[in-house]
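Below is one structure, written out as structure tokens; comments come after it.
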Amino acid sequence: MKDIYISDIRTNQEIITYLIVKQVAVKVGSNKKAYLDLLLADCTGEISAKKWDIADEELPGLEKIKEGSVLKVKAIVTEWNGMKQLRVSRIRHTSAEDNIDMKDYIKAAPEDAATMYDFIYNKAASFKDKDLRAICTRQLDTNKDRLMYYPAAQKNHHAEMAGLLYHIKRMLMMGEKACEVYTNLNKELVMAGVILHDMEKLNEIEANELGIASGYSFEGKMLGHLVQGVRTIDKLAEELEMPREKAVMLEHMMLSHHYEPEFGSPKKPLFPEAEMLHYLDMIDAKMFDFQEAIEKTEPGSFSDKVWTLDNRTVYRISE
């Protein structure tokens with residue numbers, strides 16, 4: 001078991017620990033010298049790291065560092081822009097002698113992937129609306145293997161193994177409760193929107209079987225999962241002979257769930273089920289980010305700044 005986890009480290013502390021690489025790049029600073037820019041992680045979180053002023057003789061070894069590599073790192077914990085960062089002094093690749101247990105390094109959803117999948121699939125299979133049932137079960141069947149490990153993001157909310165399933169499941173649970181209050185909503189349309197809204201992240205994001213995202217696909221960069229989602233729904237709706245109005249409503253839910261143009265939505269929701277989908281998505285994302293921040297913070301203290309919460313510092317109530 002690791003001695004030091006990211007959740008344990010404090011500013012100005014010197015650490016020697018093992019961390020997994022989520023992102024890596026050799027860059028050139030304003031002083032014209034090369035430096036190593038890393039995003040490192042373990043099962044408790046992730047942290048930015050820099051190894052400054054790389055000597056020429058170091059480059060060949062450092063260029064062999066890849067996403068998914070576990071490294072032994074010696075560093076000082078610093079702070080930049082309100083967030084902890086590692087200033088790395090030494091770094092090396094690990095070997096079998098280091099006795100690495102990958103469970104220490106992979107952040108995963110807190111629930112079993114197969115159980116979450118079955119929960120979601122059973123909801124879709126129980127729909128009375130045959131068109132919504134057909135399109136949701138088709139997508140779940142087609143993408144089952146990747147859903148078992150895929151994250152919901154590269155860096156932000158639910159960026160963890162099986163994070164996409166966890167995001168969908170919690171939104172479904174919230175959506176069912178919301179429909180008990182707002183009885184004018186078509187519950188199956190809301191739930192179908194939840195199941196389908198982020199499915200194209202499987203093709204937007206590039207991720208390995210450890211749930212580590214390394215970047216975005218060509219189409220992901222050029223189109224994004226909202227437009228990719230519209231394309232997929234359009235194709236499947238035609239194949240499944242879905243009524244055009246219903247297909248367009250699903251496509252609108254894909255296109256509008258980010259709400260604002262700066263977040264990729266050219267349209268705001270134009271019917272209540274689409275509006276509810278947006279807020280279910282936002283609630284689950286924000287609650288995830290709050291929980292992440294609180295878990296890394298001592299009771300009675302404030303967290304580091306959380307970029308996805310508008311750079312707020314989150315307070316953890318004293319126990």
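Hey, does the range 260-270 have a residue that's crowded, with 19+ Cβ neighbours inside 10 Å, more than 15 Å from the chain's Cα centre (by Cα), within 28 Å of ALA134 (Cβ to Cβ) and touching a residue at least 60 places away in the same chain (Cβ under 8 Å)? Checked the range 260-270: no residue is crowded, with 19+ Cβ neighbours inside 10 Å, more than 15 Å from the chain's Cα centre (by Cα), within 28 Å of ALA134 (Cβ to Cβ) and touching a residue at least 60 places away in the same chain (Cβ under 8 Å). Look at the range 215-230: where a residue is closer than 25 Å to VAL21 by Cβ and a partner is open to solvent by 80 Å² or more (accessible area, probe 1.4 Å) and of a type in the set (D, E, K, R), sitting 6+ places away or on another chain with Cβ atoms under 9 Å, you get GLY215/GLU206; GLY215/LYS221; TYR216/GLU206; SER217/GLU206; GLY220/GLU206. Taking the range 1-41 as the range and being open to solvent by less than 80 Å² (accessible area, probe 1.4 Å) and either part of a loop (DSSP other than H, G, I, E, B) or among the basic types (Lys, Arg) (or both) as the test, the residues that pass are LYS2, ILE4, TYR5, ILE9, THR11, GLN13, LYS22, GLY29. Give all pairs with beta carbons closer than 7 Å in which a residue from the range 44-70 that is in contact (Cβ under 8 Å) with a residue 24 or more places away in the chain and of a type in the set (Lys, Arg) meets a residue that is in a loop (DSSP other than H, G, I, E, B) and open to solvent by 20 Å² or more (accessible area, probe 1.4 Å); count only pairs at least 6 apart in sequence or on separate chains. Within 7 Å, no pair qualifies.
From the list LYS144, LYS169, LYS130, the lone residue that is more than 23 Å from the chain's Cα centre (by Cα) and farther than 30 Å from ARG10 by Cα is LYS130.
Every condition in (1) within 19 Å of LYS155 (Cα to Cα); (2) at pLDDT below 90; (3) not aliphatic (A, V, I, L, M) holds for ASN31 except the one numbered (1). Going residue by residue through the range 38-53, is there one that turns out to be within 27 Å of TYR149 (Cβ to Cβ) and of a type in the set (S, T, N, Q)? Yes; the residues of the range 38-53 include at least one that is within 27 Å of TYR149 (Cβ to Cβ) and of a type in the set (S, T, N, Q). Using beta carbons and a limit of 6 Å, which pairs, at least six apart or on different chains, have the first residue in the range 1-19 and touching a residue at least 24 places away in the same chain (Cβ under 8 Å) and under 16 Å from LEU38 (Cβ atoms) and the second one open to solvent by 20 Å² or more (accessible area, probe 1.4 Å) and aliphatic (A, V, I, L, M)? Filtered contacts from the range 1-19: ILE15/ILE4; THR17/ILE4. Taken over the range 42-58, the criterion of being in a helix (DSSP H, G or I) and either within 26 Å of the chain's Cα centre (by Cα) or surrounded by 13 or more Cβ atoms within 10 Å (Cβ to Cβ) (or both) is satisfied by GLU58 alone. One residue alone among ALA125, ALA114 is surrounded by fewer than 19 Cβ atoms within 10 Å (Cβ to Cβ), without any contact (Cβ under 8 Å) to a residue 60 or more places away in the chain and within 19 Å of VAL190 (Cβ to Cβ), and that residue is ALA125.
Just one of the listed residues (THR308, THR313) is at pLDDT below 95 and within 18 Å of the chain's Cα centre (by Cα), and it is THR308. Do we find that ALA247 is buried (at least 16 other Cβ atoms within 10 Å of the Cβ), hydrophobic (A, V, I, L, M, F, W, C) and within 30 Å of CYS43 (Cα to Cα) in this structure? The answer is no for ALA247. Every condition in (1) out of contact with any Leu (no Cβ under 7 Å at 6 or more places or on another chain); (2) part of a loop (DSSP other than H, G, I, E, B); (3) over 19 Å from LEU210 (Cβ atoms) holds for ILE100 except the one numbered (3).
Please work out which residue is least open to solvent (accessible area, probe 1.4 Å), limiting yourself to the range 184-241 and to residues that are basic (Lys, Arg) and farther than 30 Å from PRO110 by Cα. Give the steps one after another, and end with the answer.
Applying the first criterion (basic (Lys, Arg)) to the range 184-241 yields 187, 201, 221, 231, 235.
Of the ones still in play, those that are also farther than 30 Å from PRO110 by Cα are 231, 235.
Working: ARG231: 125, LYS235: 143 Å².
Residue satisfying both the conditions and the ranking: ARG231.
Evaluated against (1) in a loop (DSSP other than H, G, I, E, B); (2) touching a Phe, Trp or Tyr at 6+ places or on another chain (Cβ under 8 Å); (3) open to solvent by 20 Å² or more (accessible area, probe 1.4 Å), LYS72 falls short on exactly one condition, (1). For the residues ILE54, ILE76, ILE65, the requirement of being on the phi < 0 side of the Ramachandran plot and in contact with a His (Cβ under 8 Å, 6 or more places away or on another chain) singles out ILE65. Counting the residues of the range 288-306 that are in a helix (DSSP H, G or I) and without any contact (Cβ under 8 Å) to a residue 40 or more places away in the chain gives 4.
The values are calculated or read from the model by the stated rules, or taken from the named source; none is laboratory data. All of these numbers come straight from a predicted model, not from anything done at the bench. So basically every Cβ, Gly included, is an ideal-geometry build from the backbone, and we count neighbours across all protein chains shown. Please note that ligands, DNA and RNA were not included when accessible areas were found on the heavy atoms of the full protein model with its side chains. Shrake-Rupley method; radii C 1.70, N 1.55, O 1.52, S 1.80 Å.
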